[in-house]
Amino acid sequence: MSKCAFISGASRGIGKGIAEVLAKAGYNLALCCVNNIDSLSDYAAALHNTYGVHAKAYKMDVASMKDWENVASEVMSEFGFVDVVINNAGISYIGLITDMDTDDWDRIISTNLDSVFYSTKVFLRSMINRKLGHIINISSMWGDKGASCEVAYSTTKGGINAFTKALAKEVAPSNISVNAISCGVINTDMNSCFSDEEISSLIDEIPVGRLGTPTEVGQLILSILNSPSYMTGQIIGLDGGI
């Protein structure tokens with residue numbers, strides 16, 4: 001029987017790379033985004049045509065519990081169940097904490113951290129009933145190390161790491177694994193705020209001498225899905241040894 005994966009923030013970057021890797025592996029896909037639904041729908045159709053999987057795009061704001069409830073209902077009606085939930089959607093804020101206003105803070109906390117709670121609320125009960133499931137959260141090395149001028153972003157990723165470890169303990173008796181990938185510098189649009197010189201300086205700090213790719217994140221997710229169920233509650237680094 002084909003398995004179904006739900007991926008948030010799937011219209012570009014890491015989410016898009018994950019979607020292709022899982023489609024190639026035969027996973028049906030429920031993909032969501034907030035701003036690029038037309039391009040995501042085209043991408044879902046392309047994945048279907050290339051790999052023969054059932055793929056559908058949904059428009060939703062991951063910071064809205066109401067959107068999660070509505071989309072989860074549509075996804076369950078369309079696919080019947082979700083085996084894998086990948087919480088990938090996220091935004092960043094670059095700047096001094098003293099220059100950050102409360103609206104910016106609330107927006108990044110809601111988008112990056114509240115959304116992980118919301119997805120758990122709408123999908124976990126079905127997984128518990130089936131005694132089967134994987135939740136994989138896309139985190140960042142800054143959740144552990146902390147990044148200057150990215151205090152809010154680092155806070156959300158640190159929260160995701162703690163959420164991952166705690167939830168893994170809570171749902172382990174139901175045969176559900178919960179893990180996170182702590183990404184280093186991945187080559188996505190999120191890094192467009194940096195100059196070529198700044199990117200070059202970042203690369204100089206990475207032992208493997210390059211940025212990571214969205215495809216590599218997808219490949220690691222596939223490895224996690226194929227790992228023994230005894231592996232849960234882990235924050236797995238993918239950072240080139242930085």
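The table for this structure:
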read-out: Met190 vs. criteria aliphatic (A, V, I, L, M) and under 22 Å from Gly17 (Cα atoms); value: yes
read-out: Condition broken by Ser223, with the remaining ones in (1) under 16 Å from the mean Cα position of the chain (by Cα); (2) among the hydroxyl-bearing types (Ser, Thr, Tyr); (3) closer than 23 Å to Cys149 by Cα; (4) open to solvent by 40 Å² or more (accessible area, probe 1.4 Å) satisfied; value: (3)
read-out: Scan of the stretch 145-172 for residues that are among the charged types (D, E, K, R), in contact (Cβ under 8 Å) with a residue 12 or more places away in the chain and farther than 30 Å from Thr98 by Cα, ordered by number; value: Lys165, Lys169
read-out: The one condition in (1) over 18 Å from Gly9 (Cβ atoms); (2) open to solvent by 10 Å² or more (accessible area, probe 1.4 Å); (3) not aromatic (Phe, Trp, Tyr) that Ser192 fails to fulfil; value: (1)
read-out: Test result for Glu74, within 22 Å of Arg125 (Cα to Cα), over 19 Å from the mean Cα position of the chain (by Cα) and free of Cβ contacts under 8 Å to residues at least 40 places away in the same chain; value: yes
read-out: Any helices (runs of 4 or more DSSP H) falling wholly within the stretch 137-227 and containing at least 1 residues that are aliphatic (A, V, I, L, M) and touching a Phe, Trp or Tyr at 6+ places or on another chain (Cβ under 9 Å); value: 151-171, 196-204, 214-225
read-out: Residue match in the stretch 108-115 (condition: within 26 Å of Val151 (Cβ to Cβ), over 14 Å from the mean Cα position of the chain (by Cα) and not small (Gly, Ala, Ser)); value: yes
read-out: Ser39 being polar (S, T, N, Q), farther than 28 Å from Gly159 by Cα, open to solvent by 10 Å² or more (accessible area, probe 1.4 Å) and touching a Cys at 6+ places or on another chain (Cβ under 9 Å); value: yes
read-out: Tabulated pairs, the stretch 43-58, first at positive phi and β-branched (Val, Ile, Thr), second open to solvent by 20 Å² or more (accessible area, probe 1.4 Å) and modelled with pLDDT under 95, C-beta under 9 angstrom, 6+ apart or interchain; value: none
read-out: Within the stretch 228-242, tally of residues that are under 15 Å from Gly133 (Cα atoms) and open to solvent by 40 Å² or more (accessible area, probe 1.4 Å); value: 4
read-out: Top-ranked residue of the stretch 206-220 - restricted to ones that are under 14 Å from the mean Cα position of the chain (by Cα) and open to solvent by less than 40 Å² (accessible area, probe 1.4 Å), ranked as farthest from Leu132 (Cα to Cα); value: Pro214
read-out: Single unsatisfied condition, Met76 versus (1) in contact with a Phe, Trp or Tyr (Cβ under 9 Å, 6 or more places away or on another chain); (2) under 18 Å from Leu22 (Cβ atoms); value: (2)
read-out: The lone exception for Leu238 - which of (1) farther than 24 Å from Gly158 by Cβ; (2) touching a residue at least 12 places away in the same chain (Cβ under 8 Å); (3) not hydroxyl-bearing (Ser, Thr, Tyr) it fails; value: (1)
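The values are calculated or read from the model by the stated rules, or taken from the named source; none is laboratory data. As the structure is a prediction and not an experimental result, all values here were calculated from the model. Using ideal geometry, Cβ is built from the backbone for each residue, glycine included, and neighbour counts are taken over all protein chains shown. We work out accessible area using only protein heavy atoms, side chains counted, and drop any ligands, DNA or RNA first. Shrake-Rupley method; radii C 1.70, N 1.55, O 1.52, S 1.80 Å.
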